[in-house]
Amino acid sequence: MNHSKDSLEDHLRAFAQELPYPPTPDIAWAVRQELVKGQKRATWLGPAASRRWIALGVAALLLVVLAGVLLVPGVRATVIEFLQIGVIRIFVPEPALTPAPTMSSITSPVHTPVLTQILTPSPTSGYLISLNGLQGETTLETAIQKASFTLRLPSYPEKLGKPDRIFMQDLGGAVVILVWTKAENPDAAELIIYQIAPGSWAGEKGSPHILEHTQVNGQEAVWAEGPHVLVMTNGELNFRRLIAGHVLIWVENGVTYRLESNFSLEQAIRIAESLIPIP
Amino acid sequence: MEPVRCFRCILLRMKLSGESAPGEVQPTDLPQSSVDLIMRARQGDGVAWEVLVQQYQQPAFRLAYLFLEDSDEAEDVAQETFLRAFQALDRFDLSRPMLPWILSIAANLARNRRRSIWRFFGVVQRLVREEPRLVSGEVDGAEQRWQTQSLWDAVQHLKHNDQEVIYLRFFLELSVEETAQTMAVAPGTVKSRLNRALTRLREVIDRDHPDLKDSWT
């Protein structure tokens, strides 16, 4: 095959010119705001000695306010309501109590009416979607070897088979992501199971449409129905994403599992309870 | 000189007076107005910095977008780029053009972001129920859309280093010299890397998109 040099380079240039970039946001304004905030902070805080006294004062004030706030039951619920499942923490701001949705023939869950917050889904950004540039893709065999815990695969549904794509990263602990893609579209996922070792990542904040306590193999679990926004932070890194699907999170033997799919709670629990170590 | 709080006033004043910067370094590649703005920004003038950000925000955002394929993440990276550049402004060499310096910061941040676990989650999350979109929804004709999608897929199959040099040269249309400064390598290295990247791109097209080459002939 002979690509003429000009041909490929010309096509690249033409393609680059036609690429529909998103509109450039007003970064200058945002940067200015950040700089102004930084200046105000610096001016207000002053020298180090003053900062220590101010910090002590602020801490004392916070203690007083916190004590007062926690004496009010309604406020207390608002302030402290979050769910911690393994390494995942879900914060639910401004909660309102609503009944849990009706469900039938669930394996062994304990359902608790929990907190509901309606969230209007915003369109996801990103016109260019590809897995090709994603870091950490590996084989199942390699993931099994490198993971510090025993990887498990669902034995239900029987036809599910092995995951189509496997990703792995290690940030203080292994994170393995197993992706089953849609048969008709290998770029779209049908089921994703995260298996996360302790210490891998800090947590996530979310405000899902429906959030329920349930159980997987007798262990506490949380079921979240999308769409909801996740905000995950770890140090200075910050990640915000709209989650469209349903998520089941639970912990077994110190490993946090996060199952994301379009399946119902009943199906998700059945898949979760079917996990068996890879032989 | 009295401080000027309106960036349009700064530009107008510079345009009218052609005043020079009070710095010691004699710039060679920067327009005098940019030097003035940098000198003011170095003294903490946020408005002057805002003017500079406006000059370079589009290429910084677009480079981050090419790396990350997500406008929210690209915006974060672009903002961080200019905040870090502002903090490091004293170390900027006024004898050099500013764009490659800005883009080198943006590329580093985008590279780190791409490697981060959150980026990793983000891309997987987007896969959950989102049908793949064509690269260019605004391109007329199915044939042309298919071509652009195929070409984009081929570029995405390249290693990150190969992608980077192609983005800088073809997508941001930087000169060899500017690309070299952005990548902190010699111009000759840019040429050889670009040749290698294009060779690999041809190989990917031959292997994965053989119909694409026929459509070009």
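The values are calculated or read from the model by the stated rules, or taken from the named source; none is laboratory data. What you are looking at is a predicted structure, and each value in this text was computed from that prediction instead of being measured. In this analysis, Cβ positions are derived from the backbone assuming ideal geometry, glycine residues included, and neighbour counts consider all displayed protein chains.
State whether the residues of region B:87-97 include one that is in a helix (DSSP H, G or I), modelled with pLDDT of 80 or more and surrounded by 15 or more Cβ atoms within 10 Å (Cβ to Cβ).
Within region B:87-97 (the criterion being in a helix (DSSP H, G or I), modelled with pLDDT of 80 or more and surrounded by 15 or more Cβ atoms within 10 Å (Cβ to Cβ)), the answer is yes, since at least one residue qualifies.
Among the residues of region B:52-86, what is the count of those that are facing another protein chain (nearest Cβ under 8 Å) and β-branched (Val, Ile, Thr)?
The total comes to 1.
If B:ARG129 satisfies all but one of (1) at pLDDT below 90; (2) under 29 Å from B:ASN108 (Cβ atoms), what's the number of the condition it fails?
It fails just one condition, (2).
Does B:LYS213 count as closer than 18 Å to B:TRP152 by Cβ, among the charged types (D, E, K, R) and without any contact (Cβ under 8 Å) to a residue 24 or more places away in the chain?
Here the answer is yes, as B:LYS213 does meet what is asked.
Of the residues A:ALA197, A:ALA202, A:ALA188, only one is of a type outside the set (Ser, Thr, Tyr) and at pLDDT 75 or above; which?
When all the criteria are applied, what remains is A:ALA197.
Just for region B:157-186: of the residues that are part of a helix (DSSP H, G or I) and touching a Ser or Thr at 6+ places or on another chain (Cβ under 8 Å), which one is farthest from the other protein chains (Cβ to nearest Cβ)?
Ranking the candidates gives B:GLN181 first.
Are any residues in region B:141-155 within 9 Å of chain A (Cβ to nearest Cβ), polar (S, T, N, Q) and within 22 Å of the chain's Cα centre (by Cα), and if so, which ones?
Across region B:141-155, the qualifying residue is only B:THR148.
Filter region B:184-196 down to residues that are hydrophobic (A, V, I, L, M, F, W, C), under 23 Å from A:GLN17 (Cβ atoms) and surrounded by fewer than 21 Cβ atoms within 10 Å (Cβ to Cβ), then give me how many there are.
Going through region B:184-196 one residue at a time, the tally reaches 1.
Among the residues of region A:135-157, are any of a type in the set (A, V, I, L, M, F, W, C), under 17 Å from A:ILE85 (Cα atoms) and at pLDDT 85 or above?
No, region A:135-157 has no match at all.
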